[in-house]
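Q: Could you have a look at this structure, given as structure tokens, before my questions?
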Amino acid sequence: MKNALFLAVLLGITSLAHAGERITIAAAADLRFAMDEIVKQFRTAQPDDVIDVIYGSSGKFFTQIQQGAPYDLFFSADIGYPHELEKSGFAGAPAVPYATGRIVLWSPSRDASKMTLKDLANPKIGKVAIANPQHAPYGKRAEEALKASGIWEVVSAKAVYGENISQTAQFVQTGNAEVGILALSLAVNPTLAEKGSYYLIPENLHQPLEQGFVILKRAAENPLAKRFAAYMSKPEARAVMKRYGFMLPGEASNK
């Protein structure tokens, strides 16, 4: 009986030793397609590991983390949020820049490739979808670009606001808005690319969308969190990010 019990305990310990680890990532909605691919690539070499990714607004994640939300890594569309978490003691490691995003006009009903921001002031264009500037970095940059173009007052009067950039895209896809100011990373995904066209908004019309991630305090000693953070600088992960239109740290824009 004792031998059987010992064997059961030993098998249990062995099973735990080989069990996969688990982390939860809070990621900005502009990363939905790119991050899904990166996680899939990462897990090919470590199939037992579990990586749960929740997509949403960077500003809302920032607040949730301060309130104790159980995330292990935070990928923000604005590196300012990770830096603030680092300063206030919520980070387990320094914030790391991972990309710079771009904003575009996208529409499934108009040839957006022939449009500019000033076209949004045209009365013939109905609702315009924008991410909420109050907590979504892409929405804030959209607001900056519209103000720089002198049409913020006109466009804001007919704007519909998404909670994040993914919901903003949904508004345009479903016809609740005629045109949207979206992340380039969403517009180049086949799901949207096959249904519409886009115009790349000049980057000199808004502040840079410098994005960054941070390992949070609860995961400071988590091996999987550290391995995934390191993987983001690997050629395989960088290739995915570039394919979705992100500019990588140290690279100049060619658009």
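Q: Sort the range 121-166 into rounded, prolate or oblate with this rule: let a ≥ b ≥ c be the square roots of the eigenvalues of the Cα gyration tensor; rounded if a/c is under 1.5, and if a/c is not under 1.5, prolate when a/b is larger than b/c, oblate otherwise.
A: oblate
Q: Follow-up. If Lys and Arg each add +1 and Asp and Glu each add -1, what is the summed charge of the other residues whose beta carbon sits under 10 Å from the beta carbon of Arg141?
A: My count for the surroundings of Arg141 gives -2.
Q: Answer rounded, prolate or oblate for the range 102-205, using the Cα gyration tensor with square roots of eigenvalues a ≥ b ≥ c: rounded when a/c is under 1.5, else prolate when a/b is larger than b/c, else oblate.
A: Rounded shape, in that the Cα axes give a/c under 1.5.
Q: So if we plug the beta-carbon distance of Thr116 and Glu236 into 1/(1 + (r/R0)^6) with R0 = 41 Å, what FRET efficiency do we get, rounded to 0.05?
A: 0.70
Q: Also, I was wondering about something else. For every other residue with a beta carbon closer than 15 angstrom to the beta carbon of Thr191, add +1 if it is Lys or Arg and -1 if Asp or Glu, then tell me the sum.
A: -1
Q: Highest mean first, how do 73-80, 167-174, 204-211, 132-139 rank when packing is the count of other Cβ atoms within 10 Å averaged over residues?
A: 73-80, 132-139, 167-174, 204-211
Q: Take the alpha-carbon positions of the chain, form their convex hull, and give its projected area averaged over all directions (one quarter of the hull surface) in nm².
A: So the Cα hull casts an average projection of 16.3 nm².
Q: Then there's this: Please give the net charge around Pro97, taking every other residue with its beta carbon less than 14 angstrom from that of Pro97, where Lys and Arg add +1 and Asp and Glu add -1.
A: Cβ neighbours under 14 Å give a net charge of -3.
Q: Something else: Between the range 186-255 and the range 118-170, what is the C-alpha centre distance in whole Å?
A: 22 Å
Q: Hey, another quick one. Roughly how big is the range 86-140's charge dipole about its Cα centre, with Cβ charges of +1 (Lys, Arg) and -1 (Asp, Glu), in debye to the nearest 20?
A: 220 debye
Q: Using the Karplus curve 6.51 cos²θ - 1.76 cosθ + 1.60 with θ = phi - 60°, what ³J(HN,Hα) values do you get for each residue of the range 153-161, in whole Hz, with x for Gly and Pro?
A: Result, rounded to whole Hz: 4, 5, 6, 5, 6, 10, 8, 10, 10.
Q: Still on this model: Check the straight Cα-Cα distances from Lys140 and name the aspartates and glutamates below 17 Å, setting aside those fewer than 8 residues away within the same chain.
A: Those aspartates and glutamates meeting the cut-off are Asp30, Asp78, Glu153, Glu163, Glu203, Glu210.
Q: Could you calculate the FRET efficiency of Gln66 with Ala193 from 1/(1 + (r/R0)^6), where r is the beta carbon distance between them and R0 is 25 Å, rounded to 0.05?
A: Rounded to the nearest 0.05, the efficiency is 0.10.
Q: A further question on this structure: Treating the beta-carbon of each Lys and Arg as +1 and of each Asp and Glu as -1, no other charges, what is the dipole magnitude of the chain about its Cα centre, to the nearest 20 debye?
A: 200 debye
Q: In the structure shown, do any of Lys118/Lys158; Lys40/Lys226; Lys87/Lys217; Lys60/Lys217; Lys87/Lys242 have a Cα-Cα gap over 21 Å, and if so which?
A: Result: Lys87/Lys242 exceed 21 Å.
Q: Follow-up question, since we're still on this one. Name the residue from Tyr55, Ile79, Asn189 whose Cα lies farthest towards the positive end of the charge dipole of the chain, charges +1 on Cβ of Lys and Arg and -1 on Cβ of Asp and Glu.
A: Towards the positive end, the residue furthest out is Asn189.
Q: Name the residue farthest towards the positive end of the dipole of the chain from the options Ala219, Gln134, Asn176, assuming +1 on Cβ of Lys and Arg, -1 on Cβ of Asp and Glu, about the Cα centre.
A: Of Ala219, Gln134, Asn176, it is Asn176.
Q: For a quick check: with amide H placed at 1.01 Å from N, whose amide H comes under 5 Å from Ala99's, ignoring anything fewer than 5 positions away on the same chain?
A: The list, which skips near neighbours in sequence, is Gln211.
Q: Something else now. For the chain, what does the helix formula give at 222 nm: sum of -39500 (n - 2.57) over DSSP H segments with n ≥ 4, over the residue count, nearest 500 deg cm²/dmol?
A: It lands at -11000 deg cm²/dmol.
Q: Once you charge only the Cβ atoms, +1 for Lys and Arg and -1 for Asp and Glu, what is the size of the charge dipole of the range 102-205 about its Cα centre, to the nearest 20 debye?
A: 140 debye
Only the coordinates and a few stated rules stand behind these numbers; no lab work does. Nothing here was measured: the structure is a model prediction, and the numbers come from that model. Don't worry about glycine lacking a Cβ; one is built from the backbone with ideal geometry, like all the others, and counts go over all protein chains shown.
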